[in-house]
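Chemist: Before anything else, here's the structure in question.
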Amino acid sequence: MSSDPVLAIPPGDCCLNSFPHEGAPKGTFIPIAEVQTYISRPPTSAKENRVILYFPDVWGIDTFVNGQLLCDFFAAQGFLVLALDYFRGDPVHLHRKSRTEPNPGFDYEEWKAKHQAFAKVAVPKWIDAVKEQFGTPETKYAAVGYCFGAPYVMDALSESSSTACVGAFAHPAFLNESHFINCARPILLSCAQTDHTFPTASRHRAEELLMEKNRTFQVQLFSGIEHGFALRGNMEDAYERYTKEESASGIVRWFDRFMA
């Protein structure tokens, strides 16, 4: 038996599906630590001392309007938002014939392993560069991640890190018990009732571990929806739209509480 049990498994086939969201992204791309980064600014520069580090799901950020629009939403609430493209122009949707059909011969497992290996090295360098370029003694950092991005949030909140003062994730992947044991700062878990990567038993175990450590946490749990709801749901469905918007709004309130 593993000494560090898995609680959130790797992204699965359902992560390859997405509904496109409508809107015109307001951010721009800049290189940070040699990684293309989507930057979305708050309404006034005076608010740029609150920074959100955004860690994308497998659909990435470079050509994924849904992710860009979500970054813009966070920015509109008074945060400077930075989202790195750790897929280097190779998001999963480039390997799709259609919204629900993959390209023949696409090796999903190889694709995940390749980009995980790059992110393991690139993310710490990117965070250091963000702090150097945008940080001041007064700057506070939050971390938010979706699916593939969840472990980078937990790393930023760990006892051995001084990166973020608060964090949140939605429908996570790639998490072990140690991520919750080592979590030292407030974390919000935005969860779906049906989630192949983070099922009910895993969520309950994560809650137990956080309670055992007397950590500060909140769980958002939405019935009737599935993995991906916070980023890739069908906005023509009124309830799916509600859960996506409530997830994002809840994350903003959580960050406001601990970044005041």
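Chemist: How far apart, in nanometres, would the label points at Val6 and Arg205 be if each is projected 7 angstrom from Cα along the Cα-to-Cβ direction?
Modeler: 1.1
Chemist: At 0.36 nm per residue, and after removing the present C-alpha to C-alpha distance, how many nm does the segment from Ser178 to Thr44 gain when stretched out fully?
Modeler: Using 0.36 nm per residue and subtracting the Cα-Cα distance, I get 44.4 nm.
Chemist: Please arrange Ile9, Ile187 by how many other C-beta atoms lie within 10 Å of their C-beta, fewest to most.
Modeler: The most exposed by this proxy come first: Ile9, Ile187.
Chemist: Could you please state, rounded to a whole Å, how far the C-alpha centre of the stretch 36-99 is from the C-alpha centre of the stretch 112-170?
Modeler: Cα centroid of the stretch 36-99 versus Cα centroid of the stretch 112-170: 13 Å apart.
Chemist: With only Lys, Arg, Asp and Glu charged, each at its Cβ (+1 for the first two, -1 for the last two), find how big the charge dipole of the chain is about the Cα centre; round to the nearest 20 debye.
Modeler: That gives a dipole near 520 debye.
Chemist: Could you work out how much longer the chain between Ser161 and Asp107 gets when fully extended? Use 0.36 nm per residue separation minus the Cα distance between them, nm to one decimal.
Modeler: 16.1 nm
Chemist: Could you sort the peptides 161-174, 112-125 by per-residue average Cβ neighbour count (10 Å cutoff), highest mean leading?
Modeler: 161-174, 112-125
Chemist: Over all pairs of distinct alpha carbons, what does the Kirkwood formula give as the hydrodynamic radius of the chain, in Å?
Modeler: Hydrodynamic radius (Kirkwood, Cα only) of the chain equals 18.3 Å.
Chemist: Taking 8 Å as the Cα distance limit and 6 or more residues as the minimum spacing, I'd like the relative contact order of the stretch 34-154 as a percentage.
Modeler: 38
Chemist: How high is the relative contact order of the chain, in percent, counting Cα pairs under 8 Å that sit 6 or more residues apart?
Modeler: The value is 22 percent.
Chemist: Shifting gears a bit: For a quick protection proxy, order the peptides 78-87, 203-212 by their average other-Cβ count within 10 Å, most packed first.
Modeler: Answer by packing, highest mean first, reads 78-87, 203-212.
Chemist: Next question, about the same structure. Can you work out the FRET efficiency for the pair Ala238 and Leu94, with r the C-beta to C-beta distance and R0 = 41 Å, to the nearest 0.05?
Modeler: Computed FRET efficiency for Ala238 and Leu94: 0.85.
Chemist: Give me the number: length gained by fully extending Thr216 to Lys26, i.e. 0.36 nm times residue separation minus the C-alpha to C-alpha distance, one decimal in nm.
Modeler: Going from the current span to full extension adds 65.1 nm.
Coordinate-derived values only; no laboratory data. A quick note: this is a predicted structure, and the numbers were derived from the prediction, not measured. Every residue, glycine among them, receives a Cβ derived from its backbone with ideal geometry; neighbour counts consider all protein chains shown.
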